[in-house]
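*Asks:* There's a structure below that I have some questions on.
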Amino acid sequence: MFQKITLIALIVIFVSCQKKETAERDKIKKADWLIGNWENTSPDGVLTENWKKVNDSTFNAASYFIKGKDTIHFENIVLAQKGEKLTYLATVKGQNDNKTVAFPSTSETDTKLIFENLQHDYPQKITYTKGANNTLTAEISGKLNGKQTTERFIMKKK
């Protein structure tokens, strides 16, 4: 009888650990809709973000803004989940001594991801929102030179 109870207890512990591990990986699954090539064309130029799944806990992206033949902005992005924490890691060419800046997630839903780093100069907040008709809105916001600023980019899936 003792052996049966011990065996049942071990099975229950094993199953609950499996469920916890699955729940931890679920946060990045909520970002699956990011995967793909996104683009915004405006009179100022073309903004592109190309998102790829690296593995079950990591996505990466290249984001760039091209005006004419010039690359005005280039950024490498890694979206990584470690344990239960989802973090947006941005490395922008020519900014922050080319060092990566981490923006931990503050909210994840099936249609919106919010990342914040209040210590960063600008932006302090990055939001991705899944829209209708294969659209995505990327928004950066925070204080810039003492003034609250928001920049919004609506991209269409290519």
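FYI, it's all coordinate maths here, none of it is from the lab. Every value quoted in this text rests on a predicted model; they were computed, and no experiment measured them. Counting neighbours? That spans all protein chains shown, and the Cβs are built from the backbone with ideal geometry, glycine included.
*Asks:* Once amide H atoms are built 1.01 Å from N in the peptide plane, which residues 5 or more positions from T106, or in another chain, come under 5 Å H to H?
*Replies:* Here I114, F115, E116 satisfy the definition.
*Asks:* Subtract the Cα-Cα distance of A102 and V78 from 0.36 nm times their separation in residues, and report this length gain in nm to one decimal. Provide the component values of the computation, followed by the final result.
*Replies:* Working: separation 24, 0.36 × 24 = 8.64 nm, distance 0.95 nm.
Roughly 7.7 nm would be gained on extension.
*Asks:* Can you give me the C-alpha center-to-center distance between the stretch 73-119 and the stretch 38-62, rounded to a whole angstrom?
*Replies:* A separation of 14 Å, based on Cα centres.
*Asks:* As a footprinting exposure proxy, order L79, L34 by other Cβ within 10 Å, with the fewest listed first.
*Replies:* L34, L79
*Asks:* Could you go through the stretch 111-124 in sequence order and give the Karplus-derived ³J(HN,Hα) for each residue, using 6.51 cos²θ - 1.76 cosθ + 1.60 with θ = phi - 60°, rounded to whole Hz, and x for Gly and Pro?
*Replies:* 10, 8, 10, 10, 10, 9, 9, 5, 7, 6, 5, 6, x, 9
*Asks:* Still on this structure: What residues from the stretch 98-124 fall in the zone where the backbone N is under 13 Å from a label point 7 Å along the Cα-to-C-beta line of T149?
*Replies:* Inside the label zone: 121-124.
*Asks:* Among rounded, prolate and oblate, which fits the stretch 40-158 when a ≥ b ≥ c are the square roots of the eigenvalues of its C-alpha gyration tensor, a/c under 1.5 means rounded, and a/b larger than b/c means prolate? Could you put the intermediate results ahead of the total?
*Replies:* Details: a/c = 1.33, a/b = 1.12, b/c = 1.19.
It comes out rounded by the Cα gyration axes.
*Asks:* Next up: What percent does the relative contact order of the stretch 53-158 come to when contacts are Cα pairs within less than 8 Å and at least six residues apart?
*Replies:* RCO, the stretch 53-158: 13 percent.
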